[in-house]
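Heads up: the structure comes next, in structure tokens.
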Amino acid sequence: MAASNFMGSSSRLRIGLLPSVTPRLGRRALAARASADSGGGPVRVRFAPSPTGNLHVGGARTALFNYLFARSRGGKFVLRVEDTDLERSTKKSEEAVLSDLSWLGLDWDEGPDIGGDFGPYRQSERNALYKEHAQKLMESGAVYRCFCSNEELEKMKETANRMKIPPVYMGKWATASDAEVQQELEKGTPYTYRFRVPKDGSLKINDLIRGEVSWNLNTLGDFVIMRSNGQPVYNFCVTVDDATMRISHVIRAEEHLPNTLRQALIYKALGFAMPLFAHVSLILAPDKSKLSKRHGATSVGQYKEMGYLPQAMVNYLALLGWGDGTENEFFTIDDLVEKFTINRVNKSGAVFDATKLKYIKILTIFILPGPFSLT
């Protein structure tokens with residue numbers, strides 16, 4: 001496929017992701033049902049933590065929403081470990097994240113510890129797959145070798161800043177001749193794989209939570225998918241993983257929304273069907289800033305050590321941005337599976353209220369049977 005037409009003849013790329021209307025079903029019917037919202041196939045969602053620290057309450061809520069969506073649709077909940085940051089990723093952190101998810105009761109159907117039909121489930125074990133798909137993009141003309149040095153790239157950024165334009169790639173390698181490329185290869189010059197972005201047009205998605213979102217392609221510029229050391233870049237890994245694992249719905253934090261543009265272009269270039277996207281709002285501190293350690297306990301493990309029940313944590317996390325349309329604030333996990341719908345997830349940021357969490361904890365102790373203590 002020629003480099004000039006791999007995106008098709010239209011200058012405007014439009015990808016519509018439209019949610020379907022799903023009737024409310026009883027618990028048993030839900031368990032036996034596989035939704036066909038994406039390409040007629042079953043619902044498959046994933047939670048993909050990086051094992052570089054503890055499981056943040058924001059990540060736990062994302063995992064919970066994925067779990068509830070899968071269980072409410074009779075689908076699969078996949079756990080994938082994104083450990084390509086080799087310097088920061090640790091086995092201890094991975095084990096802690098998996099332990100916290102298990103404590104919350106969010107059992108997964110496929111993952112690094114139990115396997116599955118679409119493994120491996122650690123990115124560090126999937127390099128051969130990334131290289132295979134990068135080569136496909138090279139052969140199609142969707143990517144090219146870029147021999148620019150770090151110094152050259154830094155000068156491009158400085159030029160863009162002076163011109164007050166987005167810092168897009170302005171190097172020569174997008175249009176270099178075969179002879180020029182071969183000359184650098186013979187010299188052993190390090191190179192990256194850079195994705196060829198159309199200069200005109202736009203991309204639009206219909207996010208299941210945020211509605212229509214669009215980007216102009218001329219604000220992006222050609223981007224790297226494989227580093228000079230042979231390691232794949234995050235957006236490339238995620239796209240290949242979601243496509244080859246047949247993920248039907250990508251439910252993740254809103255901070256990943258800008259990544260969708262790059263990922264959509266890679267999906268298109270590789271000929272993969274697009275999943276449906278749903279970007280969940282951030283969890284905010286009482287001062288409306290992003291929740292962080294300076295606001296107190298932020299990890300699931302900390303609340304476990306403080307004596308909180310997993311049922312209370314799950315109940316409270318579900319209420320951060322979701323409600324069933326009533327004033328009810330007590331839900332068991334089975335209640336949540338039956339009542340959860342993605343269209344009731346609020347696109348506004350949810351404030352983490354430690355006082356309300358304590359209230360949910362006490363409510364849980366009083367309502368649920370068991371030898372619980374108020375201490």
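The values are calculated or read from the model by the stated rules, or taken from the named source; none is laboratory data. Because the structure is predicted, anything quoted here is derived from the model rather than measured. Note that each Cβ is placed from the backbone with ideal geometry, even for glycine, and that neighbours are counted across all protein chains shown.
Some points to look at:
- Those residues of segment 103-139 which are small (Gly, Ala, Ser) and exposed (fewer than 13 other Cβ atoms within 10 Å of the Cβ), in sequence order: 115, 128
- Residue 350 meets the conditions (1) at pLDDT below 95; (2) over 19 Å from residue 251 (Cα atoms); (3) surrounded by 15 or more Cβ atoms within 10 Å (Cβ to Cβ) in every case but one. The failed one is (2).
- Annotation: of all residues in segment 219-234 being out of contact with any strand residue (DSSP E or B) (no Cβ under 7 Å at 6 or more places or on another chain) and not in a loop (DSSP other than H, G, I, E, B), the one that is nearest to residue 82 (Cα to Cα) is 234.
- Residues of segment 76-102 that turn out to be surrounded by 17 or more Cβ atoms within 10 Å (Cβ to Cβ) and within 23 Å of residue 57 (Cβ to Cβ), as a count: 15
- Count of segment 53-84 residues which are outside any helix (DSSP H, G or I), more than 16 Å from the chain's Cα centre (by Cα) and of a type outside the set (Lys, Arg): 4
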